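Notes follow the structure.
Each value in this text was obtained by applying a stated rule to the coordinates, not by laboratory testing. Note that this is a predicted model, so its numbers are computed, not measured. No Cβ is skipped: glycine too gets one built from the backbone with ideal geometry, and neighbour counts run over all protein chains shown.
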Amino acid sequence: MKPTNQTGRLRSVLRRLNAGAALAVLAAATVTTGAASADTVHPSDRGRLVSAHQTTTLATKEDVAAALVAARYDASTVQFGVDAYRLVYRTVDPSGRPIIASGLLVLPRGGEHDLRTVSFTHGTTSYRFDAPSSMVKAGFVSSPALTYASAGFAAVAPDYIGLGTGPGLHPWMDVPSETTASLDMLRAARTFVPSTGRALGHDVLVTGFSQGASAAMGLARTLQAGDDRWFRLQAVAPVSGAYDFRYAELPALLDGSLEPKSSVLYSAYLLVAWNRLHHLYDSPGEVFQAPYDSTIEALFDGSHAGAQLFAGTPDTIDALLTPHGFEMLRHPTGRLAKALRVADSTCDWAPRVPVRLYVADADEQAANANTDRCEATLRSHGVNAAVVNLGTPDFAGSRHLGSNVAGTAAIVRWFSQLP
């Protein structure tokens, strides 16, 4: 396969998305409620607030609208100015060990005292400072939270484990830790919000994009199961998810149906991150061709921005994977098959709330078959989830990224209409 024009556009997009990462400067307002040492955290303290720092204020609705327009997001639902905070809180890692994590909380400067909450879980990033809480202005990752808050919701956007200011490496597409990090971020937000003179109500509307779509389904499932006594699930609206890696995403990725460079990055990220969790190989040379076998793992250590990942990886998956690497992903067995069963189970339940699955035509990164299989699985549980086709949204040449922008505009309107 040869590099496409789409690959070049995607490279340009990632460079722009990473350009704002170094701007993560904390404002002076600070609330501290405990030490940030992970060594002192106990699982029973999950969601306990460690610290909160105000990162930015957009005082008027005009300020928010201007920021969203600059980020190429829809500003037509803006009603309020917003205040944004980075929360640091206690949670657990994939092994159940105590750890701290961070996330973004955005509150409207007006509206009701008791706020309905929107949880937004973001799409894939490997650079820790591309996480939502690192942004001090509207950007691709933070603009959904700004959109929901400016419409009158409390917007909660976890960074996940190993991104933002949290320690360690990010366990990409590990739904259990995404779920715990998301739930514990809600708990931390509930603790902090009264210090602003507001409160979080019981209702949570759950959404997420790409990687965050699976995380959103995981959070929704645990909320419905009653894992938290305060929050209750009100609606679910994931966007462009890879809900079925084994039977939808991996086949499309390996047969060249998706954008080549994205396929390289996703397959590399999956193998590296899941090897750390599940020990899939003993040596990188088993699955990655030279010279990438000696460099690929370091690229996914949280300190390399998108431009560095592009420069350090080949343009096609054929140049990345060894025959054994291809075979492992084509026909998963053992630990990989077991891990995929967990990751691919996020639609295998029966939501008792409204569900809408948002998708773009011919998504070049998340195969549309993912959404088809999620809808079918929900239907097998008696749930008629509406599939909302966003058409062909564009963000710098990418329909996948465009679906985050278009989906946010559609979902905020739907959430605002719910009783």
The chain, relative contact order in percent, only Cα pairs under 8 angstrom and at least six apart counted: 17
Would you look at the GNM of the chain, springs on alpha carbons closer than 10 Å, and say which of THR196, THR121, THR322 moves the most? THR196
Give the cross-link partners of LYS137 among the aspartates and glutamates, using a straight C-alpha distance below 17 Å as the criterion and excluding same-chain residues fewer than 8 apart. GLU62, ASP63, ASP74, ASP83, ASP159
Report the residue, chosen from GLY197, GLY152, GLY164, that carries the largest GNM mean-square fluctuation when the chain is represented by alpha-carbon nodes joined by springs under 10 Å. GLY197
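If you rank ILE411, ILE99 by fewest surrounding Cβ atoms within 10 Å, what's the result? Working shown, then result.
Numbers: ILE411 25, ILE99 22.
So the ranking, lowest neighbour count to highest, is ILE99, ILE411.
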Positive-end extreme of charge dipole, the chain - chosen from PHE153, PHE288, PHE395 (charges on Cβ): PHE153
Ordered by fewest other Cβ atoms within 10 Å, a rough proxy for footprinting exposure, ASP45, ASP301 read ASP301, ASP45
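Checking the a/c ratio against 1.5 first, then a/b against b/c, what shape does the Cα gyration tensor give for the range 240-334? Write out the running numbers ahead of the final one.
Working: a/c = 1.39, a/b = 1.15, b/c = 1.21.
Here the range 240-334 falls in the rounded category.
State whether the range 297-386 is rounded, prolate or oblate according to the following rule on the C-alpha gyration tensor (a ≥ b ≥ c being the square roots of its eigenvalues): a/c under 1.5 gives rounded; otherwise a/b larger than b/c gives prolate, and the remaining case gives oblate.
In terms of gyration-tensor shape, prolate.
Taking neighbour Cβ counts within 10 Å as the exposure measure, how do VAL405, VAL388 sort from fewest upward? The partial results should precede the final answer.
Details: VAL405 24, VAL388 17.
Placing the least packed residue first, the sequence is VAL388, VAL405.
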Can you return the aspartates and glutamates within cross-link range of LYS261? Criterion is Cα-Cα under 13 Å, with same-chain partners fewer than 8 residues away left out. ASP315, ASP318, GLU364
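Rounded to the nearest 5, what is the percent of antiparallel bridges among the DSSP beta bridges in the chain? Walk me through the intermediate numbers first.
Values: 28 of 51 bridges.
Taking every DSSP beta bridge within the chain, about 55 percent pair in antiparallel fashion.
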Sorting SER263, LEU340, ALA311 by the position of each Cα along the dipole of the range 262-358 (Lys, Arg +1; Asp, Glu -1; all at Cβ), the one nearest the positive end of that ordering is LEU340
Contact order normalised by length for the range 282-371, with contacts defined as Cα pairs under 8 Å and 6 or more residues apart; what percent is it? 25
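So what is the relative contact order of the range 346-409, in percent, for Cα pairs below 8 Å that sit 6 or more residues apart? Please list the in-between numbers first.
On the way: 93 pairs, mean separation 24.4, N = 64.
So the answer I get is 38 percent.
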Have a look at ALA350, ALA213, ALA189 and tell me which one the Gaussian network model of the chain (Cα, springs below 10 Å) gives the largest fluctuation. ALA350
Global form of the chain, assessed from the alpha-carbon gyration tensor, a/c cut-off 1.5: rounded
